[in-house]
1. Can you classify the chain as rounded, prolate or oblate using the Cα gyration tensor, where a ≥ b ≥ c are the square roots of its eigenvalues, rounded means a/c under 1.5, and otherwise it's prolate if a/b beats b/c and oblate if not?
2. Just to be sure I understand: of the beta bridges DSSP finds with both ends in the chain, what percent are antiparallel, rounded to 5?
3. What's the Cα-based Rg to Rh of region 47-181, Rh via Kirkwood?
4. By the scheme Lys and Arg +1, Asp and Glu -1, what is the net charge of all other residues having a beta-carbon under 14 Å from that of residue 128?
5. Any idea what the dipole of the chain comes to, in debye rounded to 20, about its Cα centre with Lys/Arg Cβ at +1 and Asp/Glu Cβ at -1?
6. Given points 7 Å out from each Cα along the Cα-Cβ axis, report the residue 321 to residue 146 separation in nanometres with one decimal.
7. Put one equal scatterer on each alpha carbon of region 201-247, apply the Debye formula with no solvent term, and list log10 I(q)/I(0) at q = 0.20 1/Å to two decimals.
8. Sorting check: for 209-215, 141-147, which peptide has the highest mean count of neighbouring beta carbons within 10 Å, and how do the rest follow?
Amino acid sequence: MRLVLGLIVTLFTAGAVFAQCSGADLRSSLSDAERQELDTRVAATPYATGNHWLATRGDMRIHLIGTVHLDDPRLDAPTERLRPLIEEAAALLLEMTPADEQALQQDLVSAPDKLLLTDTTLPEIMSEEAWAALSEAVTARGLPPFMAAKFQPWYLSMLLSVPPCATATLTEGAGLDKRLARIAEGAEVPMHALESYETIFAMFTEAPMSEQIAMLESALVAPDEVEDMFATLLASYVDETTAEGWEISRILARRSAPLEPGEIDAVFDAMADGLLTDRNRAWIPVILDAAGTAEGRPVVVAFGAAHLAGDTGVLQLLTDEGFELTRQPF
């Protein structure tokens, strides 16, 4: 779950720099049963690998780039390889444009209650044990428990998805999406958002409180484990094994979260439906509209890599629309 939440954490921050962290890639630590489950799930996933794909239909050309919202020096080379593609594009579509991010920040300043509980506090709705664990976790990230008590559970889940070693650098650096946006800005390439930033707010705030609490409790793990999970996510991303990165997060969450495996899977599946499937389907008309008005020029669409693969991933949805998909260099 930390890996899932990590993919969206920079919808609310500028991106985390993990140079100060020392997490380990956990893929080699999988048991035989875990490896078998991972391999089985990945083998059944359409478009399981690749961070850059080209979709073509008629004169429409859509480059689809899976990004990671975390800063890492290994992004330097892909950024430069993608630079000419961005500079020549008719438009760059992103989950959130720089203008939208600025609007979000202003919105949160003017209406901070969007992140706060209004009629209760977390100690009132969590078990004593869970609240004690949460107090320790937020303290390690520089947030006093008395302040955390008023935050909505989903927001604290995202805060806990970032290891303490990176919390102090949340406003530095840039993931691949931000790097591509800077290139587009410099080349005066139009940028458009795939959705309103209100989409994520609505998805979380409309979730039942019981689901939000379950999501929060699933994030109550040791800081070093969070570091390891992010290191694993980034390693899978660099290897362009997008489906593996998604599926291993489910397996690793079962190891460390203080919930039963079935509860983890239920929370994970609910998050997948809202974070990925529903949004993927909503993005397709936006993507097709941009490609249909590009007058034969390529359009680049960049979003979190977890949106690429799967039966309801963006790549499969475009295949269902009659596009031919070919993997491209990343």
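1. Cα axes put the chain in the prolate bin.
2. In the chain, approximately 45 percent of DSSP beta bridges are antiparallel ones.
3. Answer for region 47-181: 1.09.
4. -4
5. Approximately 620 debye in magnitude.
6. For residue 321 paired with residue 146, the spin-label model returns 5.2 nm.
7. Summing over Cα pairs of region 201-247 leads to -0.82.
8. Descending mean neighbour count gives 209-215, 141-147.
Each reported figure results from applying straightforward, stated rules to the coordinates on display, with no laboratory input. None of these values were measured; they are calculated from a predicted model. No Cβ is skipped: glycine too gets one built from the backbone with ideal geometry, and neighbour counts run over all protein chains shown.
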